[in-house]
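Here the structure comes first, spelled out in structure tokens, and everything after it is commentary.
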Amino acid sequence: MTTDSRRSRDGPELCAVPRPVTTAMTTGLSQQYNLACTELNQPVNHFIEEVFREMEQLEQLRSTLKICGNNRLLPVKRVTDEDFLAISHVLKDNSFITNLDLRFNNLTNNGAEYIAKFLQDGCSLFHLNLMGNDIETEGAEHIAKALHRNDTLRSLRMTGNKIGNKGGMFFAAMLQINSSLEELDLGDCDLGIQSLIAFATVLKQNNSIRSLNLNRPLFYVSQEDTSIHIALMLKVNNTLQEIHLSKHEMTDSGVQRLCEALHENKTLKYLDLSCNKITRDGVKCLAELLRHNTTLEILDLTSNRMEDEGAMYLAEAIHSYNSSLRAFAIVSNNITGQGLKHLANAVKSNSGLEYIYIWGNVLDEDACVAFSELLSTGRLNASSTDVRPYIVDGRVYLAELFHGLKKHYYWTPTYGIADDPECNSSLTIINYHDF
């Protein structure tokens, strides 16, 4: 008897779900794949065959099957729609495989239809990654409708598939019915205003979604309608722990509405507002929120324009009032040494703050000296920031490190650890992620 880990909907704790060992497991996975190709009368994809063979060579079979089209260590032949049919035959006979990663392949709407059928037929998958394929609105409809009747999948990543506004509406409708999905990633999917409003409306009632990525929707006019609807949702939602609102063209007025709602929210831990149009006035609202909020642990303000005044607002809140924030990113915010020096002093006095990312600002001498002191005294670990000091002719400078909240999002490194916590600190902090 083997066991799979399944997360409880009431929290991040894991419980063991027993699964009988199938007779198919006595046959090698690569051999099963070859037999499936023969049955389906289709050619063998040697890349897929090699991935299955590598799984067999492990001392213990892992639960994650990664057939990524951007793998640079193997000669890749990307997965097609027909290839997935053969893969699904193997998965049906090996229920210990609960995580399937098919990012950056050539799956289209037809492949999405095959995936939908697989999800309906009692599959054992907990996590499915379809990032960077060629699935459009029709494929989104197939997958979303399949999830009406699926109660095993916990995480779905559709990032980069151009499902459009209508495709987003299908997923929003799905969340009215599905009560088991906990993580949904629809970033860079060309969502529109209507689908964003639909998600905000549905999540007032949905009690299962913990993480939602709505990055980079398509707006044809500048407006704050979506920010207002999302704020109203956050005011009443008591389940969502992570939300990504990058590239929403959000201005200070939208941030103000969000902050008003978050004063009443007691569950959100990770707020991503990167790549928006937030200035010192919006940051002032966020600083006021941090004075009173006791649940927010990660704040990402990368690529906004808070400048020194905004940095000082944050520094004051962090120095004297907030003890729950563990990480924040202020990369590329046009902050000079004056503002960064205030932030460094705030970090000294706030023992709960573990991570701070500052690269892309004006790293003048004051900034370099302040962060060099933080690192030399041990108040800030070298792995917890994206800069490293060095000295030339008696003067301190800062060099960039490839550290951040989620650097390995669209790709994985050729060498080293793919899930390196130094490059993906948000996954370490918000530890309910399993994939």
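Quick rundown of the values:
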{"read-out": "From 246, 195, 227, residue being assigned to a loop (DSSP other than H, G, I, E, B) and either among the small types (Gly, Ala, Ser) or closer than 18 Å to residue 145 by Cα (or both)", "value": "246"}
{"read-out": "Members of segment 380-400 found to be assigned to a loop (DSSP other than H, G, I, E, B), surrounded by fewer than 17 Cβ atoms within 10 Å (Cβ to Cβ) and within 33 Å of the chain's Cα centre (by Cα), listed by number", "value": "381"}
{"read-out": "Residues located in segment 180-192, provided they are free of Cβ contacts under 8 Å to residues at least 60 places away in the same chain and either among the hydrophobic types (A, V, I, L, M, F, W, C) or assigned to a loop (DSSP other than H, G, I, E, B) (or both)", "value": "181, 184, 186, 187, 188, 189, 190, 191, 192"}
{"read-out": "Among (1) open to solvent by less than 60 Å² (accessible area, probe 1.4 Å); (2) closer than 30 Å to residue 99 by Cα - the single one residue 428 does not satisfy", "value": "(1)"}
{"read-out": "Restricting segment 201-225 to residues that are out of contact with any helix residue (DSSP H, G or I) (no Cβ under 8 Å at 6 or more places or on another chain) and open to solvent by less than 30 Å² (accessible area, probe 1.4 Å), the residue that is farthest from residue 430 (Cα to Cα)", "value": "206"}
{"read-out": "Residue in segment 226-234 that is open to solvent by 60 Å² or more (accessible area, probe 1.4 Å) and over 28 Å from residue 164 (Cα atoms) present", "value": "no"}
{"read-out": "Matching entry among 204, 235, 166 (being part of a loop (DSSP other than H, G, I, E, B) and not aliphatic (A, V, I, L, M))", "value": "204"}
{"read-out": "Verdict on residue 416 being open to solvent by 10 Å² or more (accessible area, probe 1.4 Å) and more than 30 Å from residue 74 (Cβ to Cβ)", "value": "no"}
{"read-out": "Any hit, segment 322-334, residues being in contact with a helix residue (DSSP H, G or I) (Cβ under 6 Å, 6 or more places away or on another chain) and at pLDDT below 95", "value": "yes"}
{"read-out": "Sole residue being buried (at least 23 other Cβ atoms within 10 Å of the Cβ) and either part of a loop (DSSP other than H, G, I, E, B) or free of Cβ contacts under 8 Å to residues at least 60 places away in the same chain (or both), chosen from 314, 296", "value": "314"}
{"read-out": "Index of the failed condition, residue 54 passing every other in (1) out of contact with any helix residue (DSSP H, G or I) (no Cβ under 8 Å at 6 or more places or on another chain); (2) open to solvent by less than 10 Å² (accessible area, probe 1.4 Å)", "value": "(2)"}
{"read-out": "Residue within segment 180-200 that is open to solvent by 30 Å² or more (accessible area, probe 1.4 Å), at pLDDT 95 or above and farther than 19 Å from residue 275 by Cβ present", "value": "yes"}
{"read-out": "Members of segment 349-367 that are touching a Lys or Arg at 6+ places or on another chain (Cβ under 9 Å), part of a helix (DSSP H, G or I) and surrounded by fewer than 21 Cβ atoms within 10 Å (Cβ to Cβ)", "value": "365, 366"}
{"read-out": "Selection status of residue 199, among the hydrophobic types (A, V, I, L, M, F, W, C), under 16 Å from residue 244 (Cβ atoms) and either in contact with a His (Cβ under 9 Å, 6 or more places away or on another chain) or touching a residue at least 40 places away in the same chain (Cβ under 8 Å) (or both)", "value": "yes"}
{"read-out": "Test: residue in segment 111-133 that is more than 24 Å from the chain's Cα centre (by Cα) and outside any helix (DSSP H, G or I)", "value": "yes"}
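The values are calculated or read from the model by the stated rules, or taken from the named source; none is laboratory data. Since the structure is predicted, the reported quantities are computational estimates derived from the model, not experimental observations. All Cβ positions, even for glycine, are placed from backbone atoms using ideal geometry, and neighbour counts span all protein chains on display. Remember, those area values only see protein heavy atoms, side chains included, never the ligands or the DNA or RNA. Shrake-Rupley method; radii C 1.70, N 1.55, O 1.52, S 1.80 Å.
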